Amino acid sequence: MELRLLEYFLITAREQSMNRAAQVIHISQPSLSRQIAQLEKELGVTLFVRSSHGICLSEEGILLERRARQILDLVDKTQEELQDSESQLEGTIGIGCGELKAMKEVARMMKDFQKAHPRVKFNVFTGSADDVSERLQRGLLDMAVLLKPVDLTKYAYIQLKSAEQCGVLMKTDDPLARKTGIEAADLLHRELIVPSRPEVLNDLEHWFGRYYPQMQIRCTDNLAVNNAYLVQEGVGICIMVNSITELLDPSLFVFRPLKPALCQGCVLAWPKDLPLSLAGRKMIAQLKEQYSMQDQIEEAS
């Protein structure tokens, strides 16, 4: 499978028209059609559904679109890594993260590293825990901020100093807004929005204790920003970490911590078994010096 064909395929998928895609690529429409047909024949699937209104991706095409982007991103990343120079460090370091306060700590690391190596760039990918972990394991990211609890057997990591505090996001006129801390009994008979990660749900189950079977979980979500919209529109009150609360309008929302407190630590992790770019290795070496305490660094075995 030629990389050129994957690039043509992605452009065609984006444009949803052979004509427009051919113009973008600067080849004739019949030539592009033949090359897409060649790719379909090579893969043994139909990638596009044709109709009088244009073309759209088939189910197989949707899968290839996702994989093709990953393949081409990995090729670009590899080319950058091979062009890295010890004397003048260059390249792009990929960092993954959810919507976490720990990103402040990582942003300071990035700033310090860029001062020492001004030609290094960063690509920050923000997504759900599953999306970030998948990209990290595929080598599309050099490192990522992961929220505990998380399986770290595949990673070496640095324990970050930041911790995320769990609490309840609600509208300012909610009766619970008058409390300084939210106990499990306070949440009985309330419609709840909770994180979708199974590991986090397990932590919440333990925190609720005997009240858990009575909890009315109406919605699960994996990104913090969406939670604010859900709360604002009355879907429920949200149990979440305090990652974005300081960015929200205080006239609309309040955040109250859980009582007893439930806090989750964060790590900066990188794969044990995948080679890192030179820039990535240099940054990790610098971080190890800053986080020199033995209990903050877990090396690959």
Original post:
Counting Lys and Arg as +1 and Asp and Glu as -1, what is the net charge of the other residues whose Cβ lies under 15 Å from the Cβ of Leu252?
Top reply: -3
**OP:** Take each of the peptides 38-48, 171-181, average the number of other beta-carbon atoms within 10 Å over its residues, and list them starting from the highest.
**Re:** 38-48, 171-181
Original post:
Which net charge results when you count Lys and Arg as +1 and Asp and Glu as -1 among the other residues whose beta-carbon is under 12 Å from that of Ala185?
Top reply: +2
**OP:** Scan around Leu160 for amide H atoms under 5 Å from its own, H built in the peptide plane at 1.01 Å from N, and keep only partners 5 or more places away or cross-chain.
**Re:** Cys266, Val267, Leu268
Original post:
Roughly speaking, what is the centre-to-centre gap between the range 136-172 and the range 203-219 when only Cα atoms are used, to the nearest Å?
Top reply: 23 Å
Original post:
Of the peptides 138-151, 262-275, how do they stack up when ordered by the mean number of other Cβ atoms within 10 Å, highest first?
Top reply: 138-151, 262-275
Subject >> Ranking of Ile237, Ile244 by count of other Cβ atoms within 10 Å, fewest first >> reply: Ile244, Ile237
**OP:** Tell me which label goes with the value of Cα extents along the principal axes in Å computed from the coordinates here: (i) 68, 56, 36; (ii) 49, 40, 40; (iii) 60, 49, 41.
**Re:** (i)
Original post:
Across every pair of different alpha-carbon atoms, what Kirkwood hydrodynamic radius in Å does the range 1-91 reach?
Top reply: 14.3 Å
**OP:** Determine by what factor the alpha-carbon radius of gyration of the range 166-221 differs from 2.2 N^0.38 Å, reporting the quotient.
**Re:** 1.11
**OP:** Please identify the helices of the chain, taking whole runs of DSSP H, that span at least 20 Å along their own axis as judged from the Cα atoms and have a mean Kyte-Doolittle score of -1.0 or higher.
**Re:** 29-43, 59-82, 102-116
Original post:
Cα-Cα over 30 Å: which of Lys104/Lys171; Lys104/Lys259; Lys259/Lys288; Lys111/Lys259; Lys148/Lys288; Lys111/Lys148?
Top reply: Lys259/Lys288; Lys111/Lys259
Original post:
Cα centroids of the range 1-78 and the range 237-281: how far apart, whole angstrom?
Top reply: 37 Å
Original post:
Per the Debye formula with a single identical scatterer at each Cα and no solvent contribution, what log10 I(q)/I(0) holds for the range 74-180 at q = 0.12, 0.23 Å⁻¹?
Top reply: -0.53, -1.32
Original post:
Using only the Cα atoms of the range 113-175, what do you get for the radius of gyration and for Dmax, in Å?
Top reply: 16.4, 53
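Every read-out reported here was derived from the displayed coordinates using simple, explicitly stated rules and does not represent laboratory data. Since this is a predicted model, take the numbers as computed values, not measurements. Cβ: placed from backbone, ideal geometry, glycine included. Neighbour counts: every protein chain shown.
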